[in-house]
1. Helix-only mean residue ellipticity at 222 nm, the chain, DSSP H runs n ≥ 4 weighted -39,500 (n - 2.57), per residue, nearest 500. What is it?
2. Ranked highest first by the average count of other Cβ atoms within 10 Å around their residues, in what order do 12-20, 29-37 fall?
3. With +1 on each Lys and Arg Cβ and -1 on each Asp and Glu Cβ, how big is the dipole of the chain about its Cα centre, in debye rounded to the nearest 20?
4. Could you tell me which of the pairs K36/K62; K3/K158; K3/K62; K8/K154 are separated by over 23 angstrom between their Cα atoms in the structure shown?
5. Sort region 112-240 into rounded, prolate or oblate with this rule: let a ≥ b ≥ c be the square roots of the eigenvalues of the Cα gyration tensor; rounded if a/c is under 1.5, and if a/c is not under 1.5, prolate when a/b is larger than b/c, oblate otherwise.
6. Could you give the size of the charge dipole of region 122-168 about its Cα centre, using +1 on the Cβ of each K and R and -1 on the Cβ of each D and E, expressed in debye and rounded to the nearest 20?
7. Could you size up the charge dipole of region 112-240 around its Cα centre, putting +1 on the beta carbon of Lys and Arg and -1 on that of Asp and Glu, and report it in debye to the nearest 20?
8. Using the charge dipole of region 2-70 (Lys, Arg: +1 at Cβ; Asp, Glu: -1 at Cβ; taken about the Cα centre), state which of H43, N14, S28 has its Cα farthest towards the positive end.
Amino acid sequence: MEKQTLIKIGLTENEADIYLALLSLGPSLVSKIVGKTRINRTHIYDRLSHLIKKGLVSYVIKNNRKHFHAAEPKRLIRYLEEKQEEIKKEMDDVKTILPKLEKIVPEKKDESVEVYEGKEGLKTILEDIIRSKQDVLTYGSEGNFSNVLRFYFKHYLKRLEQIGISMKVIFNYDASKKPFTWKFAEARYISKQYKSPTETTIYGDKVAIFILTESPKVVLIKSKTITDSYRKYFNILWKTAKKR
């Protein structure tokens, strides 16, 4: 758990191994670190250099040899604070050049198709749904989002409810699963024989087709004509779907 947390805050796997090794070993020569971590000696020097720059490792020279030791664990908090300060500065820098960057972008066409890949791609579209503040129609739902995005998706649903976005959802019926419980949305069910790894969401003048496989992606279609067509199809499904 400790190693995974260190990786999450920005250390590489080797850096995390080295830092944890030095915490347990105390001041050590490179040979001792190699013995503890089994990391190639050449890589050790490179990773130690990065850890020193991050302020998480330092060294003293004894008898013309470097003895490395880990900074106290509390230094990790300062490391994160420094990262936050750097991010804030970078955000300020980007805000400064935003007006010029926006002038470079050509005017968007009324219709477009975009593909977003990975979990971050899914999040990008879910964030767009929230920003749109438009009512949402969704069908093909099987609870796959909860499996793919876990904690983020729970937070996303709370934000939809807080903003006041209403939602209609058509689930594939499965008697073995618990009924729908989102208070801010209305749900109906169709036969599970229509089960699919995709989920289609209609909002504003956009249609998002989420492909929730091992390599998730989403196709975003922006077109009033196409969106109106999908909305009509949803309404037909809605009339035939059953309440549970």
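Read the figures in this text as sums done on the coordinates, not as results from a lab. All values derive from a computational prediction rather than experimental measurement. Here the Cβ positions follow ideal geometry from the backbone for every residue, glycine too, while neighbour counts run over all protein chains shown.
1. Values: 9 runs with 122 residues, N = 244.
Calculated mean residue ellipticity at 222 nm is -16000 deg cm²/dmol.
2. Details: 12-20: 19.7, 29-37: 16.1.
By packing density, highest mean first, the sequence is 12-20, 29-37.
3. Values: 48 positive and 31 negative charges, 149 e Å.
The dipole magnitude comes to about 720 debye.
4. On the way: K36/K62 21 Å; K3/K158 31 Å; K3/K62 30 Å; K8/K154 21 Å.
From the list (K36/K62; K3/K158; K3/K62; K8/K154), the Cα-Cα distance tops 23 Å for K3/K158; K3/K62.
5. Numbers: a/c = 1.22, a/b = 1.10, b/c = 1.11.
Rounded, since a/c falls under 1.5.
6. On the way: 8 positive and 5 negative charges, 34 e Å.
For region 122-168, the charge dipole is close to 160 debye.
7. 360 debye
8. Selected residue: S28.
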